[in-house]
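Encoded as structure tokens, the structure appears first; notes follow it.
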Amino acid sequence: MAIILLFCLSLLSNPVAATTVQRFTLSDLASNAERIVVGICTAATPQLLDGQIYTRYLFDLDQSIKGPRDSQLELHLPGGHFQGVFNRLAGMPIFRPGEEAVLFLTASNEFGHAWPVGLAQGHFAIVRSDSSTARVFQELDGLSLYDGPAAAKRTHSIDPVQGMPLDSFLSQIRTLAQPEPGPEPQDAH
């Protein structure tokens with residue numbers, strides 16, 4: 001009986017398993033994103049959809065770097081707190097009202113909702129210091145990333161992005177999000 005109790009307690013103290021996804025460079029995020037936006041989360045409302053807990057996030061957008069130039073964004077992401085039950089998809093970002101972020105988003109799914117590209121990889125929190133210098137940070141808790149045929153490996157950031165000034169980060173993203181120039185049209189003779 002004591003062994004069973006110790007086993008159960010050890011399960012409770014171990015972290016939840018990670019979600020394994022492909023590692024995206026900043027260039028990959030920019031090219032794979034259907035939309036890249038900068039905004040502030042204004043609401044996080046948990047709800048039950050088809051028996052699953054989702055959270056509806058609303059964002060007021062300051063900038064649209066790629067994609068539609070809307071003033072608001074609505075995301076429905078799996079997980080959240082609903083009627084005393086907490087559910088979380090490892091690696092899916094969680095937003096809090098008042099949080100500023102740069103988001104790299106997929107195209108809308110069959111329900112009309114986009115997700116961050118590469119889960120938490122597509123979310124960069126904007127942190128403002130006392131000196132008013134805004135910087136970006138990426139938190140990849142719950143993600144194991146792989147670079148192709150190699151085994152999955154756990155990582156905590158995509159360097160050298162961690163702590164980069166927001167203005168420099170956005171300048172780099174604007175450059176990366178530019179469409180590749182197509183072939184020159186040929187003259188018909």
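Derivation of every value follows stated rules applied to the coordinates shown; laboratory data play no part. Owing to the predicted nature of the structure, the values given are computational and were not obtained by experimental measurement. Cβ sites come from the backbone with ideal geometry, for glycine too, and all protein chains shown count toward neighbours.
The figures follow:
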{"read-out": "Estimated dipole of the range 17-177 in Debye, rounded to 20 [Cβ of Lys and Arg +1, of Asp and Glu -1, Cα centre]", "value": "200 debye"}
{"read-out": "Ranked list, fewest to most other Cβ atoms within 10 Å of each Cβ, for LEU29, LEU176", "value": "LEU176, LEU29"}
{"read-out": "FRET efficiency, VAL127 to ASP70 (Cβ-Cβ, R0 30 Å, nearest 0.05)", "value": "0.75"}
{"read-out": "Contour minus Cα-Cα distance for PHE137 and ARG88 (0.36 nm per residue)", "value": "15.5 nm"}
{"read-out": "Within-14-Å neighbourhood charge of ASP167 [Cβ basis; K, R +1; D, E -1]", "value": "+1"}
{"read-out": "Approximate spin-label separation THR25-ALA107, in nm, with each point projected 7 Å along Cα-to-Cβ", "value": "2.4 nm"}
{"read-out": "Estimated distance in nm for a label pair at SER171 and GLN63, the labels positioned 7 Å out from Cα along Cα-to-Cβ", "value": "1.1 nm"}
